[in-house]
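I have placed the structure first, in the form of structure tokens, so that the comments after it can refer back to it.
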Amino acid sequence: MQSIRVAVAGLGFIGPAHIEALRRIPGIEVVAISDYGLELAQAKATELGIAQAYGTFEELLAHPGLDAVHICTPNDLHFPMAKAALAAGLHVIVEKPLAMTAEQGKELVELAHVSGKVHAIHFNIRYYPLIRHMRRLRETGELGDVYSVIGTYLQDWLFYATDYNWRLEPDRSGDSRAIADIGSHLLDLIEYITGLRVTEVMADFNTVHPIRKKPLKPVETYAGKMLKPEDYADVPVNTEDYATVMLRFDNGNKGVITVSQVAAGRKNRINLEIAGSKQSLSWCSESPNEVWIGKRDTANQVLLRDPSLVDPASGKLISFPGGHNEGFPDTSKQLFKEVYAAIRAGEPSAQPAYPTFDDGLRELELCDAILASNAQQAWVKV
Ligand code: SOE
């Protein structure tokens with residue numbers, strides 16, 4: 001089988017996770033990487049066992065015989081890099097958020113559609129098998145009509161004023177932080193599982209640390225927790241540490257999400273509570289191999305991830321028997337398996353099962369409406 005040759009740009013927190021996932025899929029070879037400057041890129045390439053390192057994205061794109069590129073750089077680089085990669089005739093996989101604004105997102109969607117290339121966004125949380133099982137319960141009518149959705153996404157890696165990261169800098173991360181960074185996952189999951197569309201939002205943000213202490217040397221995502229307090233610079237921060245957003249759905253019912261990156265003890269915890277007219281579903285990313293099924297008239301149930309207990313569409317995302325738990329790293333492997341099946345076919349599938357730039361644009365449009373609602377302290381239509 002001819003190897004698919006892949007390049008990865010950006011080797012901070014998630015880039016190496018992409019590489020690890022790609023290496024678990026037969027027929028894919030990660031042949032080159034790029035990062036900020038040749039020295040850093042070469043160090044990362046040596047550490048990861050990648051043959052070729054480049055100090056610029058332009059050089060990476062010029063690597064001979066590439067088929068696809070993964071863009072895992074800070075948010076401000078997603079748009080220019082994805083645009084250049086499509087122009088270079090590559091299949092493109094971008095980390096979320098797709099871009100900094102819906103306007104940039106719209107341009108990328110148009111370019112991607114015209115290119116005929118596979119375009120995907122790393123909404124990997126969809127690929128916990130029981131997330132797809134929850135969607136199937138809704139599609140088959142077993143959930144019933146959705147009465148309400150309550151979602152939370154809580155972290156503590158930015159808990160201290162001395163926790164610092166590029167996501168705190170609007171020119172690199174965008175005008176929203178917690179909503180764009182983790183709220184995007186939560187809203188994507190809600191619309192993916194329920195099939196509903198959010199039509200209006202009412203948002204209220206809070207910046208718990210309006211002044212943060214910026215360490216005077218680079219810090220990778222999550223690594224800030226390892227630093228000892230010493231020579232920091234005071235930096236004003238105006239993006240949200242916390243947000244609650246009330247939601248109105250196109251079926252007339254409602255929901256609410258809360259995201260926070262300053263919730264001590266919650267490391268990376270997504271919790272979904274979906275109430276249907278026939279039963280309720282509840283799922284938590286800290287125990288992703290089980291889903292709670294709530295009943296009015298009989299005992300509640302807990303379903304454990306097991307290929308024999310879910311339908312084939314969800315079973316496709318399960319590599320190990322029941323009880324042999326799968327987790328965060330497996331979600332990227334399962335997502336890339338579906339993306340690379342399309343790449344191996346040479347073109348996007350007509351109805352992609354994987355999240356595309358169109359899904360990335362959807363989150364940017366939701367984020368823009370949420371930002372406007374918080375600014376106006378009023379309901380805003382999406
Ligand atoms: C930081 O909040 C982060 O790395 C997000 O950017 C990722 O999308 C999420 O999967 C884990 O947390």
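The values are calculated or read from the model by the stated rules, or taken from the named source; none is laboratory data. Keep in mind that what you see is a predicted model, and the values were worked out from it rather than measured. Glycine also receives a Cβ, built like all others from the backbone with ideal geometry; neighbour counts cover every protein chain displayed. Heavy atoms of the whole protein, side chains included, go into the accessibility calculation; ligands, DNA and RNA do not. Shrake-Rupley method; radii C 1.70, N 1.55, O 1.52, S 1.80 Å.
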Average accessible surface area per residue within the chain, 1.4 Å rolling probe, Å²: 42 Å²
Positive-end extreme of charge dipole, the chain - chosen from Leu111, Pro236, Val310 (charges on Cβ): Val310
Rounded if a/c under 1.5, otherwise prolate or oblate - segment 129-323, Cα gyration tensor axes: prolate
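Roughly what % of DSSP beta bridges within segment 129-323 run antiparallel, to the nearest 5?
Antiparallel bridges make up about 85 percent of those DSSP assigns within segment 129-323.
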Estimated dipole of the chain in Debye, rounded to 20 [Cβ of Lys and Arg +1, of Asp and Glu -1, Cα centre]: 800 debye
Longest to shortest principal axis, alpha-carbon extents of the chain, angstrom: 63, 54, 40
Spacing of the two label points (7 Å from each Cα toward its C-beta) at Glu20 and Asn325, in nm: 1.6 nm
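If each residue of separation counts as 0.36 nm, what is the full-extension length gain between Gln301 and Met246 once their alpha-carbon separation is subtracted?
Values: separation 55, 0.36 × 55 = 19.80 nm, distance 2.87 nm.
Using 0.36 nm per residue and subtracting the Cα-Cα distance, I get 16.9 nm.
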Farthest positive-ward along the chain dipole, Cα basis, beta-carbon charges - from Pro74, Leu272, Leu130: Leu130
Over segment 238-382, relative contact order from alpha-carbon pairs under 8 Å, at least 6 apart, %: 9 percent
Length released on extending from Trp292 to Leu309, taking residue separation times 0.36 nm less the Cα-Cα span: 4.7 nm
Simple Cβ-charge dipole of segment 129-323, Lys/Arg +1 and Asp/Glu -1, about Cα centre, in debye nearest 20: 340 debye
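Whenever you get a sec, compute what percent of the accessible area on segment 42-82 sits on carbon and sulfur atoms (1.4 Å probe). Write out the running numbers ahead of the final one.
Details: 910 of 1690 Å².
Roughly 54 percent of what the probe reaches on segment 42-82 is carbon or sulfur.
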Of Lys83/Lys106; Lys44/Lys333; Lys278/Lys316, pairs whose Cα-Cα distance is over 18 Å: Lys44/Lys333; Lys278/Lys316
Segment 5-129 - Rg (one decimal) and Dmax (whole number), Cα, Å: 13.7, 39
